[in-house]
Amino acid sequence: MAQHYRALFISDVHLGTRWAQACQLLDFLAQARADTIYLVGDIVDFWRIRRGIVWPEPHGAVLREILRIANAGTRIVFIPGNHDDDLRAYCGTRFGNIEIERDAVHVTAVGQRYLVTHGDEYDVVVTRARWLALLGDRSYALALAINTPFNWVRRKLGMEYWSLSAYLKHRVKACVGRAGNFESSLVAAAARHDATGVICGHIHRAASRQVGDVHYVNLGDWVESCTAVVETRAGKLELINWSDKSAAPPAAAEPPKRVGAAA
């Protein structure tokens, strides 16, 4: 039976690449319903498409399912990321139940405000050294390709699956985060919007933690981790790992209410 949520947040699907876990996402969308769905950037990877189209049938099925959901009455808020930034030219427009916005503020059932943004605009590599971001994207694709033979050897040795690409991406993003204060910049942006928290994507690493007075939530991706965030009818944000079809209890903890926040 489908689970109904007040809101659903997904980012970094990267349709148009051979790595997108489109079938997993279709399975998730078949079992999750929401009043509002936020697509928080990098849904389609135009960077990769420009270098050669990779478009298996499930990728088209994901877009058709999103359109079907919108036509059925669900509000869809699409926030373009850096890999689909050409669509930012359409921010502020609406196509039926699909809204395209640069960012958004989501208000939970208990009155908590969350800034929703892809996050690339707070990444100094993307904003100040685009060539390095493009090089990093190609390196990540190479690491993903190496994952298959690398883990074949690990299985032969009786070892568990381990993602080289996720490890390298995390190390690089960690360095970028320290150099450019990615997380701190997002937290500051949330404060400027008088928000309880910030919901973003971009770095492909799911997280839900308190940073000072701000609840920092990262949606992860649908390339390797297959993670999403939902808001329950009671107004609680939960991080779901669809790979093992279980919520992550520590990440689901509700952030402390700010002084003056609605009860």
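The values are calculated or read from the model by the stated rules, or taken from the named source; none is laboratory data. Because the structure is predicted, anything quoted here is derived from the model rather than measured. Virtual Cβ from ideal backbone geometry, glycine too; neighbours counted across all protein chains shown.
See the values below:
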item: Test set (1) part of a helix (DSSP H, G or I); (2) surrounded by fewer than 18 Cβ atoms within 10 Å (Cβ to Cβ); (3) modelled with pLDDT of 95 or more - Leu25 fails condition number; result: (2)
item: When residues of the stretch 107-122 are limited to those that are crowded, with 22+ Cβ neighbours inside 10 Å and closer than 24 Å to Arg51 by Cβ, the one modelled with the highest pLDDT; result: His118
item: Residues satisfying the stated conditions in the stretch 163-202, i.e. modelled with pLDDT under 90 and among the aliphatic types (A, V, I, L, M); result: Leu164, Ala166, Leu168, Val172, Ala174, Val176, Ala179
item: Scan of the stretch 183-198 for residues that are surrounded by 24 or more Cβ atoms within 10 Å (Cβ to Cβ), among the hydrophobic types (A, V, I, L, M, F, W, C) and touching a helix residue (DSSP H, G or I) at 6+ places or on another chain (Cβ under 9 Å), ordered by number; result: Leu186, Val198
item: Pick from the stretch 51-86, criterion over 12 Å from Leu39 (Cβ atoms) and of a type in the set (Gly, Ala, Ser), ranking: modelled with the lowest pLDDT; result: Gly52
item: Those residues of the stretch 88-106 which are surrounded by 13 or more Cβ atoms within 10 Å (Cβ to Cβ), more than 17 Å from the chain's Cα centre (by Cα) and among the aliphatic types (A, V, I, L, M), in sequence order; result: Ile98
item: Options Asp42, Asp27: the member that is of a type in the set (D, E, K, R), touching a residue at least 12 places away in the same chain (Cβ under 8 Å), closer than 18 Å to Gly220 by Cβ and in contact with an Asp or Glu (Cβ under 6 Å, 6 or more places away or on another chain); result: Asp42
item: Number of positions in the stretch 28-45 that are part of a strand (DSSP E or B) and either among the β-branched types (Val, Ile, Thr) or surrounded by fewer than 18 Cβ atoms within 10 Å (Cβ to Cβ) (or both); result: 5
item: Test: residue in the stretch 57-66 that is among the small types (Gly, Ala, Ser), surrounded by 14 or more Cβ atoms within 10 Å (Cβ to Cβ) and in contact with a Pro (Cβ under 6 Å, 6 or more places away or on another chain); result: no
item: Selected residue [at pLDDT below 95 and either assigned to a helix (DSSP H, G or I) or surrounded by fewer than 16 Cβ atoms within 10 Å (Cβ to Cβ) (or both)] from Ala234, Ala251; result: Ala251
item: Residue tally, condition of a type in the set (Val, Ile, Thr) and in a strand (DSSP E or B), over the stretch 179-226; result: 5
